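My questions all concern the structure below.
The values are calculated or read from the model by the stated rules, or taken from the named source; none is laboratory data. Worth saying up front: this structure is predicted, and the values here are computed from it rather than measured. Quick reminder, even Gly has a Cβ in these numbers, built from the backbone with ideal geometry, and neighbours come from all protein chains shown.
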Amino acid sequence: MSRKIFAFAAILSLVTLGAAAPAANATHSWTNYHWARTSNPFTLKLGDNVTSAWDTYLATTSADWTVSTVLDTTIVPGSTTGKRCAATAGRVEVCNAAYGQRGWLGIASINVSGSHITQGTVKVNDSYFSLAKYNTPAWKNVVMCQEVGHTLGLDHQDEVFDNADLGTCMDYSNNPEPNQHPNAHDYTMLESIYSHTDSTSTVGAAAPATADGGVGNSASSWGTRVEGSRAKGHSTYVKDLGNDQRVVTHVLWAR
Ligand SMILES: [Zn+2]
Ligand SMILES: [Zn+2]
């Protein structure tokens, strides 16, 4: 209700200014996804559905994001299998498997209700990480860190593969070495995304998992591509489930 009132007031003020309200709303809803919570720091559970080959990378990623002042992540036993990677309400399930040579190294999907994240999944694709090019600690750290970062509501800092490295896993880069962890800007972004509090919480919610909309391992299941491309190395897709519910999927492509 308060969100609607806010939206109405926002539209009113934009109309007063003569701006295009729908465009502003679209931009807002695609860039401001976050977990609802009533205070900071909040603790987000990462369900461990990865094999021992990935445990160290999941642990590194969890520790890296926990440096943030607004949130902590904690690794808990997974509630699905690597292959299936079904979502659990209120947390993130992290999975690995040989998902096939579908072109992607990693994907992160979040269910969003309004602007609030309600659940997330991360998949890292061993069909590529078994290849010499990607079977390195640096690549595994980059992809795990980036995909979990997306489930926190973060987007990319930089979407050009060939420019100077920013030293963050949220960079697009052909050179994983300097980009294995978040950088100071990522933590600043999190502080900004989580600078307000909500009257309700979607973290650890006891609510049943929302429909995953059939989002799976192939591009045809991800909905509409809203940014990026396979050629650019990264894409974002949105599958509209109606009723202000959607699944947003970030895809990191092999190159
Ligand atoms: Zn909120
Ligand atoms: Zn990404």
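Let me spell it out: the conditions are (1) modelled with pLDDT under 95; (2) aromatic (Phe, Trp, Tyr); (3) more than 16 Å from ligand 2 (Cβ to nearest atom), and Trp30 meets all of them except one. Which number is the exception?
(3)
Cβ-Cβ distance below 6 Å, separation of 6 or more or different chains: which pairs start in segment 130-156 with a residue that is free of Cβ contacts under 8 Å to residues at least 24 places away in the same chain and end on one that is surrounded by fewer than 23 Cβ atoms within 10 Å (Cβ to Cβ)?
Taking only residues 6 or more apart or on different chains, the pairs are Asn135/Phe129.
Same structure, new question: Could you list all residues from segment 58-87 that are within 16 Å of ligand 2 (Cβ to nearest atom) and among the hydroxyl-bearing types (Ser, Thr, Tyr)?
Once the filter is applied, which keeps residues that are within 16 Å of ligand 2 (Cβ to nearest atom) and among the hydroxyl-bearing types (Ser, Thr, Tyr), segment 58-87 yields only Thr61.
Sort through Gly213, Gly228, Gly233, Gly223 and tell me the only one that's modelled with pLDDT under 95 and away from ligand 2 (no atom under 14 Å from the Cβ). So that I can check it myself, show each step before the final result.
Numbers: Gly228 fails: away from ligand 2 (no atom under 14 Å from the Cβ); Gly233 fails: away from ligand 2 (no atom under 14 Å from the Cβ); Gly223 fails: modelled with pLDDT under 95.
Answer to the check: Gly213.
What number of residues in segment 98-119 are closer than 21 Å to Gly214 by Cβ and within 13 Å of ligand 2 (Cβ to nearest atom)?
6
What's the number of the condition His250 fails, among (1) more than 20 Å from Gly103 (Cα to Cα); (2) within 14 Å of ligand 2 (Cβ to nearest atom); (3) in contact with a helix residue (DSSP H, G or I) (Cβ under 7 Å, 6 or more places away or on another chain); (4) not hydrophobic (A, V, I, L, M, F, W, C)?
(1)
Just to be sure I understand, how many residues within segment 140-167 are more than 19 Å from Asn49 (Cα to Cα) and either within 16 Å of ligand 1 (Cβ to nearest atom) or at pLDDT 95 or above (or both)?
The qualifying residues number 2.
Just give me the residues in segment 91-116 being among the β-branched types (Val, Ile, Thr) and touching a Leu at 6+ places or on another chain (Cβ under 8 Å), in sequence order.
Selection gives Val92, Val94, Ile107.
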